[in-house]
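Below is a structure I'd like to ask you about.
Values quoted throughout were computed directly from the atomic coordinates according to the rules given, and no laboratory measurement underlies them. From a predicted model like this one, the values you see are computed outputs, not experimental measurements. Here the Cβ positions follow ideal geometry from the backbone for every residue, glycine too, while neighbour counts run over all protein chains shown.
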Amino acid sequence: MSKFFSKKFRELVPYTPGEQPTDGRYIKLNTNESPFPPSPTVEKAVTEEIKKLSLYSDPRNSALRAALAKVYGVCLEQVTVSNGSDEMLNLAFMAFADKQRPLAFPDITYGFYPVFAKLNGIPYEEIPLKEDFSIDPDDYTGIGKTIVIANPNAPTGLSLSLEEIEKIAADANRGGNVLIVDEAYVDFGAQSAVKLVDSYDNLLVIGTFSKSRSMAGARLGFAIGNRALIEDLDTLRYSTNPYNVNRMTAAAGTAALQENEYYMENCRKIVRNREKTTRELRLLGFEVLPSSANFIFVRHHAVGGEKLYAELKKRGILVRHFQKKRIEAYNRITVGTAEQMDQLVQTLRALLEELQI
Ligand SMILES: *Cc1c(COP(=O)(O)O)cnc(C)c1O
């Protein structure tokens, strides 16, 4: 740390991203990326767009927002976009929470929430998940705070029903608070809250192209909500970086939405692989939480979480382990192709035999 670093950031502990090895030696099941490439028209659209790189991108992102509005059945004014959904989460925290209106989110959830809260000097309450790692909607009613819920939640993969989300949204609405629903994994089996945005002017849904649309490296996120909420986010976006979404990414995103069915079919493949892997790992003695996402959260009674992570890494498979109290025994494993999952199951079977379990 330099002596020049602002006092207000000295205590900041930054988010730790999952490992991104560059040597291609690993089966990479650690950061919930899609194992499938973008659709062919995405490549074409990006190649075309390169010719216009000397020009700034469209700060209104008209074409991309129109495509999003169409796919999600909302108006253009109900959509805005960001450089990955992480940026949108940060903007939403800045916009809708402060010292007078603290944040509330689960104790076990996306690790970026406490980081963004601290970055912006927003106090927050971490509400414990139930013993089975599920969210109790009643814990989020009558609390008078800005609420952030990942649905499905990460790293558990568990989801709330639309009725449960609506219950929280309605209660927060009566109390004059915003509910932010982070739907990074919604396409793998949960119900989207987008259909509620016309009924609740306090509901903001945040999505990403990183997981279900094979574009983690392009950095594209979006928010859907009441137009006044979107206007607030845009005020902050124009106050920080109006060109937050670059030309190539905007072109890629617009093209991807034109082939939405390709991506939804990929999601169905992932769901099939997830269900098969879940069955196989349970037969090997693993406890696997019922996931609605493109990852599973697993533990084995006879092998520690960190040990399992290290043994898999030695054998060329990267998964995600979190050094965090309640979940130390677990690993989060991204669901990849059928071949990658077979490889994982075989490796785990051999490992358990070696350890004589
Ligand atoms: C991956 C993820 C995101 C953000 O991803 P971006 O790549 O920044 O769009 C947001 N929320 C959760 C819960 C995630 O797991």
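Where nothing but the Cβ of Lys and Arg (+1) and of Asp and Glu (-1) is charged, how large is the charge dipole of the range 221-331 around its Cα centre, in debye to the nearest 20?
Charge dipole of the range 221-331: 620 debye, to the nearest 20.
Here's a follow-up. What are the ³J(HN,Hα) couplings of the range 151-157, residue after residue, when phi is run through the Karplus curve with 6.51, -1.76, 1.60 and θ = phi - 60°? Round to Hz, x for glycine and proline.
Running phi through 6.51 cos²θ - 1.76 cosθ + 1.60 with θ = phi - 60° gives 9, x, 7, 10, x, 7, x Hz.
Dipole of the chain (Lys/Arg Cβ +1, Asp/Glu Cβ -1, origin at the Cα centre): which of His300, Tyr72, Asn153 lies farthest to the positive side?
After comparing all options, I get His300.
Is there a quick way to get the dipole size of the chain? I mean about its Cα centre, with the Cβ of Lys and Arg at +1 and of Asp and Glu at -1; what is the value in debye to the nearest 20?
Numbers: 44 positive and 45 negative charges, 200 e Å.
The dipole of the chain has a size of about 960 debye.
Do you know the relative contact order of the range 40-258, to the nearest whole percent, from alpha carbon pairs under 8 angstrom that are 6+ apart?
Working: 396 pairs, mean separation 65.0, N = 219.
30 percent.
Here's a follow-up. Describe numerically, in nm with one decimal, the distance between label points set 7 Å from Cα along Cα→Cβ at Arg349 and at Arg272.
According to this spin-label approximation, the distance is 2.0 nm.
Oh, and also: Using alpha carbons only, how many degrees (0 to 90, rounded to 10) separate the axis of helix 40-50 from the longest principal axis of the chain?
The angle comes out near 50 degrees.
Still on this structure, I have one more. Counting only residues 5 or more places away or on other chains, whose amide H sits under 5 Å from the amide H of Val335 once H atoms are built in the peptide plane?
Residues meeting the amide H criterion: Phe295, Ile296.
Taking the beta-carbon count within 10 Å as an exposure proxy, list Glu49, Glu275 from fewest neighbours to most.
Values: Glu49 19, Glu275 15.
Exposure proxy ranking, most exposed first: Glu275, Glu49.
Across the range 15-32, in residue order, what do the Karplus-derived ³J(HN,Hα) couplings come to in whole Hz, using 6.51 cos²θ - 1.76 cosθ + 1.60 with θ = phi - 60° and x for Gly and Pro?
5, 9, x, x, 4, 10, x, 9, 8, x, 8, 10, 7, 9, 10, 10, 10, 6
If I stretch the segment between Thr240 and Leu283 completely, what's the gain in nm (0.36 nm per residue apart, minus their alpha carbon distance), one decimal? Mind dumping the intermediate values first?
Numbers: separation 43, 0.36 × 43 = 15.48 nm, distance 5.11 nm.
Difference between extended and current length: 10.4 nm.
Only bridges whose two residues both fall in the chain count here: according to DSSP, what percent of them are antiparallel, nearest 5? Mind showing how you got there, number by number?
Details: 18 of 34 bridges.
Close to 55 percent.
In addition: Grab the DSSP H runs of the chain that are 4 residues or longer, score each as -39,500 (n - 2.57), total them, divide by all residues and round the 222 nm result to the nearest 500 deg cm²/dmol.
Numbers: 10 runs with 134 residues, N = 357.
For the chain, the value works out to -12000 deg cm²/dmol.
Also: Hey, what angle do you get for helix 305-314 against the long axis of the chain, alpha-carbon based, 0 to 90 degrees rounded to 10?
80 degrees
Positive end of the charge dipole of the chain (Lys, Arg +1 and Asp, Glu -1 on Cβ, about the Cα centre): tell me which of Pro102, Gly336, Ile27 has its Cα farthest that way.
Ile27
Find which of Ala252, Thr235, Gly225 sits farthest along the positive direction of the dipole of the range 191-257, computed with +1 on the beta-carbon of Lys and Arg, -1 on that of Asp and Glu, about the Cα centre.
Farthest towards the positive pole: Ala252.
Taking R0 as 25 Å, what's the FRET efficiency between Asn120 and Arg326 from their Cβ-Cβ distance, rounded to 0.05? Intermediate values should be presented prior to the final figure.
Details: r = 26 Å, r/R0 = 1.02.
Result of the calculation: an efficiency of 0.45.
Label points 7 Å out from Cα along the Cβ direction at Arg315 and Glu11: separation in nm?
Placing both labels 7 Å along Cα→Cβ, they lie 4.4 nm apart.
Further question: Two decimals, Cα atoms only, Kirkwood Rh: what is Rg/Rh over the chain?
On the way: Rg = 20.5 Å, Rh = 21.2 Å.
Ratio of gyration radius to Kirkwood radius: 0.97.
Moving on. I need the phi-derived Karplus couplings for the range 226-234: 6.51 cos²θ - 1.76 cosθ + 1.60, θ = phi - 60°, integer Hz, Gly and Pro marked x.
Taking θ as phi minus 60°, the curve returns 3, 4, 5, 4, 5, 4, 4, 4, 5 Hz for the range 226-234.
Which of the peptides 221-227, 116-122 is most tightly packed, and how do the rest follow, judged by the mean count of other Cβ atoms within 10 Å per residue? Numbers along the way, then the final one.
On the way: 221-227: 23.9, 116-122: 17.4.
My ranking of the peptides, most packed first, is 221-227, 116-122.
A follow-up question, please. Based on the Cβ-Cβ distance from Val71 to Lys3, what FRET efficiency comes out when R0 is 45 Å, to the nearest 0.05?
Efficiency, from the Cβ-Cβ distance: 0.35.
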